[in-house]
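Engineer: I have a structure here, written as structure tokens, and I will follow up with some questions on it.
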Amino acid sequence: MKYQDYQVQDFLNDDLFVKWVLFAEQDEFWIDFLAQNPSKHSIITEAKEIVRSLHQAEHASSPDLNKKEVWRTIESTLFETENEAKKIDFWQSAGLKWAASIAVLLVLGWLLLRPKTEIKISYHDLVQEAENKSTLAEHINTSDTPLKVRLPDSSFVTLQKNSRISYPTPFSPHQREVFLSGEAFFEVTKNKKKPFYVYANEVITKVLGTSFVIKAFDNDNKVFVNVHTGRVSVFKQNKIDIADPETKGLILLPNQRVVISRVTPTISKGLVAEPRPVVPLEKYPRTYFDEVPVTNVFRELEKLYEVKILYNEEELSDCIITTTLRNESLYDKLDLICKTIGATYKEVDAQIVISSNGCH
């Protein structure tokens, strides 16, 4: 049995051992092993303490810990300590083994508690990973004029200056993937069976069919995603994971945007600077209101911009208004309406919140 020759570092590198310590998997096997190999009891006890210390510290304070780095450091520390012990023929000494354990835990504590920086992923990193799986086509815009690119699924990408995209040719049967550096406007053809993913630095945007803007240059510390129509899911990855991208993320609706920091865990969601109607105003069925409750106007604005407007229906029940929705911005419309009824508004979490004392 291989475990009979194992030392502490060997057990730390053994997945079955770690799963037993943390999750009691194959418990009977390990109990039998200890019964048959009592000489291994102290070594296994020491290894178990290190595994549990690592798990507890990581779970409590560092979900983003690089596990491979920790294991490499533990292995290196134990290996070096063991070699030194052999040189002085003193490894079996309880004092030296205790010192080795302390050294490992000190290194572990430093790894867990040291200031952490977010992992940056570049366009080159993403493309290099994707090229291991398929052939890519690339388009680069070096001119001052936007470059419009048609993708294999008839989606369109408009690249701004100094921007580039790569994508597999053809797309895979199950999903469509595009890798972006820079700024681009996407008009994605709907296909519920083949979700569309945009990889831009550490940010992944998942869509089924919509239009949106992504700005993600390698040298910038922030990534911007602005949604025009439809909805997207946006999330951040801490490693390159193209084969099976996450589906959990921050959901963005029309006229919403998210700003993701590449150097801190910060993600901020809000409305775009200039919300646009989801359909042209001239095609909207109702733009004139004559002596109607103001809540009717707010409901129409919600439909026109697909922006949630929160208010107290009872407080505004006596507020009657006559107005026409013209080509002014959403904020200009809100300014005019709120001034008319003596109310105020503010943006909270990509929603408009109306405050009013009512109309008398």
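The values are calculated or read from the model by the stated rules, or taken from the named source; none is laboratory data. Given the structure is predicted, the values throughout are model-derived calculations rather than measurements. Surface accessibility is based on the protein's heavy atoms, side chains included, excluding ligands, DNA and RNA. Shrake-Rupley method; radii C 1.70, N 1.55, O 1.52, S 1.80 Å.
Engineer: Tabulate in residue order the Karplus-calculated ³J(HN,Hα) for segment 224-237, using 6.51 cos²θ - 1.76 cosθ + 1.60 with θ = phi - 60°, rounded to whole Hz; enter x for Gly and Pro.
Structural biologist: Calculated HN-Hα couplings, in order: 10, 10, 10, 9, 9, 10, x, 9, 9, 10, 10, 8, 10, 10 Hz.
Engineer: Measure up Lys193/Lys346; Lys19/Lys269; Lys148/Lys283 against 30 Å on the Cα-Cα distance and list the ones that go over. The partial results should precede the final answer.
Structural biologist: Numbers: Lys193/Lys346 39 Å; Lys19/Lys269 39 Å; Lys148/Lys283 27 Å.
Table pairs above 30 Å Cα-Cα are Lys193/Lys346; Lys19/Lys269.
Engineer: Continuing with the same structure: For segment 121-227, what does the alpha-carbon gyration tensor say about shape, rounded, prolate or oblate, given a ≥ b ≥ c as the root eigenvalues, a/c under 1.5 as rounded, and a/b over b/c as prolate? Present the calculation step by step, with values, prior to reporting the outcome.
Structural biologist: Values: a/c = 1.37, a/b = 1.20, b/c = 1.15.
Note, shape of segment 121-227 comes out rounded.
Engineer: Just to verify a number: what accessible area does Glu291 come out at with the full protein assembly present, 1.4 Å probe, Å² rounded to tens?
Structural biologist: Accessible surface of Glu291 is approximately 120 Å².
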